[in-house]
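Asker: First the structure, which I've put down as structure tokens, then a few questions once you've had a look.
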Protein chains: 2
Amino acid sequence: MAKITIIGTGSIGSAVATLAAKGGSEVQILGRNETKVAEVAKEVGASTGTIGDAITGDIVVLAVPYSALADLAGQYSGQLDGKTLVDVSNPLDFETFELVVPADSSAAEELQALVPGASVVKAFNTNFAATLVTGQMGNGVPTVLVAGDDDTAKQALIEVITAGGVQAVSAGPLKRARELEGLGLLALGLASQEVIGWTGGFAVEK
Amino acid sequence: MAKITIIGTGSIGSAVATLAAKGGSEVQILGRNETKVAEVAKEVGASTGTIGDAITGDIVVLAVPYSALADLAGQYSGQLDGKTLVDVSNPLDFETFELVVPADSSAAEELQALVPGASVVKAFNTNFAATLVTGQMGNGVPTVLVAGDDDTAKQALIEVITAGGVQAVSAGPLKRARELEGLGLLALGLASQEVIGWTGGFAVEK
């Protein structure tokens, strides 16, 4: 049984908590708002805490906006060494609809530089939360694209996801996070233009 | 009825010819190899010519590798003004599996700079040829993602595609070609790792 800590109680944090619990993982939820933490935790039978509390998971999902990543990494510096650190962010300026990371980098690669002792994995940023909760997208099953340099860390996350009934595949090394963040931008663009809905997105057909 | 010229007789050129003809477009095929041109043209009832011959289409698809785009644009300089110019390329180094265009640009934007009088549209680079020919991907229909700054040009191409039985949506302005080329890289990466087959790819679920 995997131990997974999710920091953040927004739609994607809550969705990953549901998915992980469905797959039998032991879930810890940490967040700023105790009421919200309790609410998400109750639904999935998770343990709770506030940001700053000790992390119990071996897989740590930073389910916070891109702008909050650096502070959070600093706050947990040292506690993240040896852990699988999952970046779900879409580093966008939502007014201009442009990526705010340098074109030759990504939020995930920036995070890896901040926390060199952890194994950073990019995942979930190309999936809308509702599809992770239901395990359905259109007539099929959503696929989580996972990028990372540490194959063991990547595989551990893939197992958590597939145990919860959602497909997951490796999209390659961590530098592929650049393209995954581009894909997140495309998905959010299509949804904001109402070409697709928030229960849709990019599916992987084999 | 749209008039479409396809330059190139490789798998994607041939697939776009089939798709356009299926939708009732008048198709011209231009290529270096006369035998190959005749072969593709015969299947779809297209007119033929060699590279350098006059273009009869209002929509011109450059179905050639990225490395051949600049020369072709130079050769047809002047003849492309006012036309919809479709870039299908995936500008990859297939040994290192990296994009060879600058990270803050794209093959399509480079082409637009070379041919300022044409309306460049990025399309087809995220689709595998077989899915365009059959109109099927998994249990669904493939979607062509189309990026361009000229809405009329984009819409004209979208109509050619949808008339042929394949879905097509606008992915935004031409600068989104950057993310489409990233998505092409992801699709080719998944196929080269045998995570997906050449009849699969990224589907758009509404």
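Asker: Of the residues that sit in region B:91-130 and are part of a loop (DSSP other than H, G, I, E, B), more than 12 Å from chain A (Cβ to nearest Cβ) and open to solvent by 50 Å² or more (accessible area, probe 1.4 Å), which one is farthest from residue B:3 (Cα to Cα)?
Answerer: Filtering region B:91-130 down to residues part of a loop (DSSP other than H, G, I, E, B) leaves B:91, B:94-97, B:100-106, B:115-118, B:123-128.
Next, only the ones that are more than 12 Å from chain A (Cβ to nearest Cβ) stay: B:91, B:94-95, B:100, B:115-118, B:123-125.
Still in the list and also open to solvent by 50 Å² or more (accessible area, probe 1.4 Å): B:94-95, B:100, B:116.
Details: B:94: 33, B:95: 37, B:100: 32, B:116: 21 Å.
Among residues in region B:91-130 that are part of a loop (DSSP other than H, G, I, E, B), more than 12 Å from chain A (Cβ to nearest Cβ) and open to solvent by 50 Å² or more (accessible area, probe 1.4 Å), the one farthest from residue B:3 (Cα to Cα) is B:95.
Residue-by-condition table, conditions (1) under 20 Å from residue B:94 (Cα atoms); (2) more than 15 Å from the chain's Cα centre (by Cα); (3) among the charged types (D, E, K, R); (4) at pLDDT 95 or above:
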position: B:108; (1), (2), (3), (4): yes, no, no, yes
position: B:115; (1), (2), (3), (4): no, yes, no, yes
position: B:141; (1), (2), (3), (4): no, yes, no, yes
position: B:157; (1), (2), (3), (4): no, no, no, yes
position: B:182; (1), (2), (3), (4): yes, yes, no, yes
position: B:196; (1), (2), (3), (4): yes, yes, no, yes
position: B:201; (1), (2), (3), (4): yes, yes, no, yes
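Asker: What number of residues within region B:166-182 satisfy the criterion of being in a strand (DSSP E or B), more than 7 Å from chain A (Cβ to nearest Cβ) and of a type in the set (A, V, I, L, M)? Don't jump to the end; show me each part of the working.
Answerer: Filtering region B:166-182 for residues in a strand (DSSP E or B) gives B:167-172.
Subsequent filtering for residues that are more than 7 Å from chain A (Cβ to nearest Cβ) retains B:167-168, B:170.
From what's left, of a type in the set (A, V, I, L, M): B:168.
Of the residues in that region, 1 qualify.
Asker: Now a separate question. Can you find a residue that is of a type in the set (Gly, Ala, Ser) and exposed (fewer than 15 other Cβ atoms within 10 Å of the Cβ) anywhere in region A:4-12? So that I can check it myself, show each step before the final result.
Answerer: Going residue by residue through region A:4-12, those that are of a type in the set (Gly, Ala, Ser) are A:8, A:10-11.
Going one step further and asking which of them are exposed (fewer than 15 other Cβ atoms within 10 Å of the Cβ), we end up with none.
No, that holds for no residue.
Asker: Okay, moving on. When residues of region A:191-206 are filtered for being more than 7 Å from chain B (Cβ to nearest Cβ) and either within 21 Å of residue A:86 (Cβ to Cβ) or without any contact (Cβ under 8 Å) to a residue 24 or more places away in the chain (or both), how many remain?
Answerer: From region A:191-206, those more than 7 Å from chain B (Cβ to nearest Cβ) are A:191-194, A:198-199; that's our starting set.
Applying the additional criterion that residues be either within 21 Å of residue A:86 (Cβ to Cβ) or without any contact (Cβ under 8 Å) to a residue 24 or more places away in the chain (or both) yields A:193-194.
Of the residues in region A:191-206, 2 are more than 7 Å from chain B (Cβ to nearest Cβ) and either within 21 Å of residue A:86 (Cβ to Cβ) or without any contact (Cβ under 8 Å) to a residue 24 or more places away in the chain (or both).
Asker: Condition test on residue B:158, is it farther than 26 Å from residue A:147 by Cβ, out of contact with any Ser or Thr (no Cβ under 6 Å at 6 or more places or on another chain) and of a type outside the set (Ser, Thr, Tyr)? Step through it out loud before you land on a result.
Answerer: Numbers: farther than 26 Å from residue A:147 by Cβ: yes; out of contact with any Ser or Thr (no Cβ under 6 Å at 6 or more places or on another chain): yes; of a type outside the set (Ser, Thr, Tyr): yes.
Here the answer is yes, as residue B:158 does meet what is asked.
Asker: Quickly run through region A:148-165 and pick out the residues that are in contact with a Pro (Cβ under 9 Å, 6 or more places away or on another chain) and either open to solvent by 40 Å² or more (accessible area, probe 1.4 Å) or part of a loop (DSSP other than H, G, I, E, B) (or both). Reasoning before the result, please.
Answerer: First pass over region A:148-165, keeping only residues in contact with a Pro (Cβ under 9 Å, 6 or more places away or on another chain): A:148-149.
Hit for region A:148-165 is A:149, nothing else.
The values are calculated or read from the model by the stated rules, or taken from the named source; none is laboratory data. This structure is a prediction, so every number in the text was calculated from the model and none was measured. Every residue, glycine as well, gets a Cβ built from its backbone with ideal geometry; the counts of neighbours run over all protein chains shown. Remember, those area values only see protein heavy atoms, side chains included, never the ligands or the DNA or RNA. Shrake-Rupley method; radii C 1.70, N 1.55, O 1.52, S 1.80 Å.
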